[in-house]
1. With θ set to phi - 60° and the Karplus curve 6.51 cos²θ - 1.76 cosθ + 1.60, what are the ³J(HN,Hα) couplings of the stretch 93-104 in order, to the nearest whole Hz, using x for Gly and Pro?
2. In nm, what is the difference between 0.36 nm times the number of residues separating Arg11 and Thr122 and their Cα-Cα distance?
3. So for Thr123, Thr78, what's the accessible-area order with a 1.4 Å probe, most first?
4. So, with +1 on the Cβ of K and R and -1 on the Cβ of D and E, and no other charges, what is the size of the charge dipole of the stretch 1-81 about its Cα centre, to the nearest 20 debye?
5. With all protein chains present, calculate the accessible area of Glu75 using a 1.4 Å probe and round the result to the nearest 10 Å².
6. Collect residues whose amide H, placed 1.01 Å from N in the peptide plane, falls under 5 Å from the amide H of Glu33; neighbours closer than 5 in sequence don't count.
7. What list of ³J(HN,Hα) values in whole Hz, one per residue of the stretch 4-15 in order, does the Karplus curve 6.51 cos²θ - 1.76 cosθ + 1.60 (θ = phi - 60°) give from phi, with Gly and Pro shown as x?
8. Can you order the peptides 112-118, 66-72, 79-85 by their average number of other Cβ atoms within 10 Å per residue, highest first?
Amino acid sequence: MADTFKALMMREADDGVSAQIEDVPVADLPEGEVDVRVEHSTLNYKDGLVVDGNKGRLARNFPHIPGIDLAGVVEASTDSRYAPGDRVVVTGWHMGERYWGGFAERARVRADWLVHVPAAMTTRQAMAVGTAGLTSMFALMALEEQDRKSTRLNSSHLVISYAVFCLKKK
């Protein structure tokens, strides 16, 4: 395992927030039970706000690695639910906002944030669904629970498109 990894690092200065690819020491990773070799992450609206000068003040602490989701392979774990080689995904949990996110080659996260990637899926497929797909799934579950055929969704075009795609497959 290398002593450093590449990441999109955000830094705050008097004249604003800057972003650049940096070599980050593994020793700088935050606390957490599981180290993940990141294979995929998606670009979401919140990520755009953070990378574009931290509009909305979503990033709480600097230096900071954005990215509100990731999929990858466990490299090390102190939690019995995850072992090296397990394929995992993280969406949400304020990752990329309060906590370092997925725009990096490595991440250290809390075990409770992780979900195993289903055997029939690759990590790439898991991230193709990503946070937008998860939001769509929650919207569909709410529709099914309410037994309605339509509802007004207040969300992004991508989420609505994905929800419609899922409904067509039913």
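1. 6, 6, 5, x, 10, 7, 10, 4, x, x, 7, 7
2. Gain on stretching Arg11 to Thr122: 36.7 nm.
3. Result, largest first: Thr78, Thr123.
4. 340
5. Only protein atoms counted, so the area is about 70 Å².
6. Val109, Arg110, Ala111
7. 9, 9, 8, 8, 7, 9, 9, 10, 9, 9, 4, 8
8. So the peptides 112-118, 66-72, 79-85, ranked by packing, come out 66-72, 112-118, 79-85.
The values are calculated or read from the model by the stated rules, or taken from the named source; none is laboratory data. Computed from a predicted structure; not experimentally measured. Because the Cβ atoms are built from the backbone with ideal geometry, glycine has one as well, and the counts that use them run over all protein chains shown. For the accessible areas, the whole protein counts, side chains as well, though only heavy atoms, and no ligand, DNA or RNA atoms are used. Shrake-Rupley method; radii C 1.70, N 1.55, O 1.52, S 1.80 Å.
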